[in-house]
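The values are calculated or read from the model by the stated rules, or taken from the named source; none is laboratory data. Bear in mind that the values here come from a model prediction, so they are computed numbers and not experimental data. Glycine also receives a Cβ, built like all others from the backbone with ideal geometry; neighbour counts cover every protein chain displayed.
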Amino acid sequence: MLDAKHFRDGIEETAVQLARRGFELDVNTLKALEVQRKELQVRTESLQSERNARSKEIGQAVGRGEDTAPLKAQVGALGDQLDAAKAELQQVQASLQDIISGVPNLPAAEVPEGLDEEQNVEVSRFGEPPVFDFTPKDHVEIGEALNNGLDFDTARKITGARFAVMKGGVARLHRALTQFMLDLHTEQHGYLETYVPVIVNHASLQGTGQLPKFGEDLFHVEGESQDKVALSLIPTAEVPLTNFVRDEIIDEEQLPMKLTAHSACFRSEAGSHGRDTRGLIRQHQFDKVELVQMVKPEDSMAALEELTGHAEQVLQQLGLPYRKVLLCTGDMGFSATKTYDLEVWLPAQNTYREISSCSNMGDFQARRMQGRFRRKGAKKPELLHTLNGSGLAVGRTLVAILENYQQADGSVVVPEALRPYMAGVERISQG
RNA sequence: GGUGAGGUGGCCGAGAGGCUGAAGGCGCUCCCCUGCUAAGGGAGUAUAGAGUUUAUAGCUCUAUCGAGGGUUCGAAUCCCUCCCUCACCGCCA
């Protein structure tokens, strides 16, 4: 959510900035509602104030033993006016809220303008795509051929499309990856390891921006009763982790707050029928190690570089070729001011595919969730800046390893960094 | 799931229809006093929103005592619903 100031003073400027990312702000409607809001709020509050004062007078009159019936009648009439004004105000505020909660974050100045991923800007590359003296297979072919590897047929039977079963060496490799990532981030990068719920309430989803706009991307849990709070499966551990600071005021000394968690993530993938249907690339359920930081506003852009670097470390230590891309305005997520994607090389697709997305959300999420901090000696708390990134998507990392480390005989070499987590196993073989 | 007790400011804890944004204490901040230490005295100490304003300074107003609804001229206080916490029992990994 943007600061309400953006919609009062300088709304035109806000509209211009939003237009950069292809969002059209309804300036006229907002202006009209704002005029109404102001008038109604002033009226409501002054009525309220008058009623409070009159009621106090009644109390004093009672104390003196006077007859209060005429006074009461007067104040009663006041109350009716107040109720009417309140109802009107509420309506206007709801309309405003509707519009405002659907407005995306403002892109940072240095974010290139563009409509879609075509206009993203490559920032850097690491590693060389491996050269094979045979035709490289894709991860599905490799994984299914391995002794106890990937098994999509069984997953289809027990659940349905876009789910996977992993077995044997592949399942272990998958587990090794999460262990490796968590150890790296906690031991080398200073993150606190956490374990978090994968089912969250809607206040949390509002806080990070998945709701109200993107409910169809989520799996929703049926509540036990109609009055229970609505719950959904998390699409990313960003949701529980960032909501650590919802409705909190953090001491300055505790910043930056750096959290990591391994979790399953669930996405309904509504609207992506037919895209990446083969293999592990686009699943309804996948594992991810998430990085989240809560920092002071002046530190957030540096923190984005740092956090992205932490995700890059995983790829580098695994020896996976990748490139770093600065997303253009049109390709950024709803809540982001600036986003880097890390794209790993996939030989079978002969291209780079997203494996991590690292974003600075500025104060956008913090404002929604009232996540604040207080500077030493300062009276007023300030909004935090929040950042998050995948460090990394485990399933896609597995894909990258299967494809980049595949051998002519169909076996897959285990990257050295993972061997301590695999009891020294150097290679996963067929048969 | 059952029974019982509760949810009040950073924390503890009073209040049981009006003078309570909320006593008292602890903590914290500033000031004074005191060779050091210990102790003492005084002042201050929630958040959000709106209006005014060059101002994130002041001033004025509104809201908030778990949440939502209701009764009332007026609710922390009365009524209803829900949520949560604690204790014991049942069940379970």
Contact list, first residue from region A:378-400 and within 18 Å of A:Ile428 (Cβ to Cβ) and touching a residue at least 12 places away in the same chain (Cβ under 8 Å), second anywhere and crowded, with 24+ Cβ neighbours inside 10 Å and of a type in the set (Phe, Trp, Tyr), beta-carbon distance below 8 Å, six or more apart or interchain, is A:Ala400/A:Trp345
Restricting the search to region A:1-39, which residues are in contact with a Ser or Thr (Cβ under 8 Å, 6 or more places away or on another chain) and either among the charged types (D, E, K, R) or buried (at least 19 other Cβ atoms within 10 Å of the Cβ) (or both)? A:Met1, A:Leu2, A:His6, A:Phe7, A:Arg20, A:Arg21, A:Leu25, A:Leu33
Run A:Glu117 past the list (1) at pLDDT 95 or above; (2) touching a Cys at 6+ places or on another chain (Cβ under 9 Å); (3) of a type outside the set (A, V, I, L, M) and report the number of the one that doesn't hold. (1)
Candidate set from region A:73-90 (those that are of a type outside the set (S, T, N, Q) and touching a residue at least 24 places away in the same chain (Cβ under 8 Å)); member that is farthest from RNA strand B (Cβ to nearest atom): A:Glu88
Can you give me the number of residues within region A:307-355 that are part of a loop (DSSP other than H, G, I, E, B), under 16 Å from the mean Cα position of the chain (by Cα) and not aliphatic (A, V, I, L, M)? 4
For strands (runs of 3 or more DSSP E) lying entirely in region A:163-279, having 1 or more residues that are away from RNA strand B (no atom under 16 Å from the Cβ) picks out A:192-194, A:231-233, A:257-266
Return a yes/no flag: does region A:1-10 have any residue that is more than 15 Å from RNA strand B (Cβ to nearest atom) and within 22 Å of A:Gly330 (Cα to Cα). no
Suppose we keep only residues that are near RNA strand B (Cβ under 6 Å from one of its atoms) and under 30 Å from A:His6 (Cβ atoms) within region A:47-72. Which one would you say is surrounded by the fewest Cβ atoms within 10 Å (Cβ to Cβ)? A:Ser49
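Take the residues in region A:347-377 that are of a type in the set (A, V, I, L, M) and touching a residue at least 60 places away in the same chain (Cβ under 8 Å); name whichever of them is nearest to A:Asp247 (Cα to Cα).
From region A:347-377, those of a type in the set (A, V, I, L, M) are A:348, A:355, A:361, A:366, A:369; that's our starting set.
Now drop any that are not touching a residue at least 60 places away in the same chain (Cβ under 8 Å), which leaves A:348, A:361, A:366, A:369.
On the way: A:Ala348: 47, A:Met361: 17, A:Ala366: 9, A:Met369: 6 Å.
By that ranking, first place goes to A:Met369.
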Within region A:386-431, restricting attention to residues that are assigned to a helix (DSSP H, G or I) and among the basic types (Lys, Arg), which residue is surrounded by the fewest Cβ atoms within 10 Å (Cβ to Cβ)? A:Arg419
Only one of A:Val165, A:Val111, A:Val123, A:Val196 is at pLDDT below 95 and out of contact with any Gly (no Cβ under 8 Å at 6 or more places or on another chain); which? A:Val196
Name the residues in region A:281-306 that are within 15 Å of the chain's Cα centre (by Cα) and part of a helix (DSSP H, G or I), would you? A:Leu304
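So in region A:356-385, with the set limited to residues that are in a loop (DSSP other than H, G, I, E, B) and hydrophobic (A, V, I, L, M, F, W, C), which one is farthest from RNA strand B (Cβ to nearest atom)? Even if it seems obvious, please write down each step before you answer.
In the first step, residues of region A:356-385 are kept if they are in a loop (DSSP other than H, G, I, E, B); the result is A:361-363, A:370-371, A:375-381, A:384.
If we keep only those that are hydrophobic (A, V, I, L, M, F, W, C) too, we end up with A:361, A:378, A:384.
Details: A:Met361: 18, A:Ala378: 9, A:Leu384: 12 Å.
This residue is A:Met361.
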Can you name the number of the only condition in (1) surrounded by 18 or more Cβ atoms within 10 Å (Cβ to Cβ); (2) β-branched (Val, Ile, Thr); (3) over 29 Å from A:Leu241 (Cα atoms) that A:Ile158 fails? (1)
Single match in A:Gln93, A:Gln97 (criterion: out of contact with any helix residue (DSSP H, G or I) (no Cβ under 7 Å at 6 or more places or on another chain) and without any contact (Cβ under 8 Å) to a residue 60 or more places away in the chain): A:Gln97
Which residue pairs have Cβ atoms closer than 7 Å, lie 6 or more positions apart in sequence or on different chains, and pair a first residue in region A:170-181 that is within 15 Å of A:Glu426 (Cβ to Cβ) with a second residue that is modelled with pLDDT of 95 or more and aromatic (Phe, Trp, Tyr)? A:Ala176/A:Tyr421
Per the filter on region A:8-52, residues part of a helix (DSSP H, G or I), over 30 Å from A:Val75 (Cβ atoms) and of a type in the set (D, E, K, R) are A:Glu12, A:Glu13, A:Arg20, A:Lys31, A:Glu34
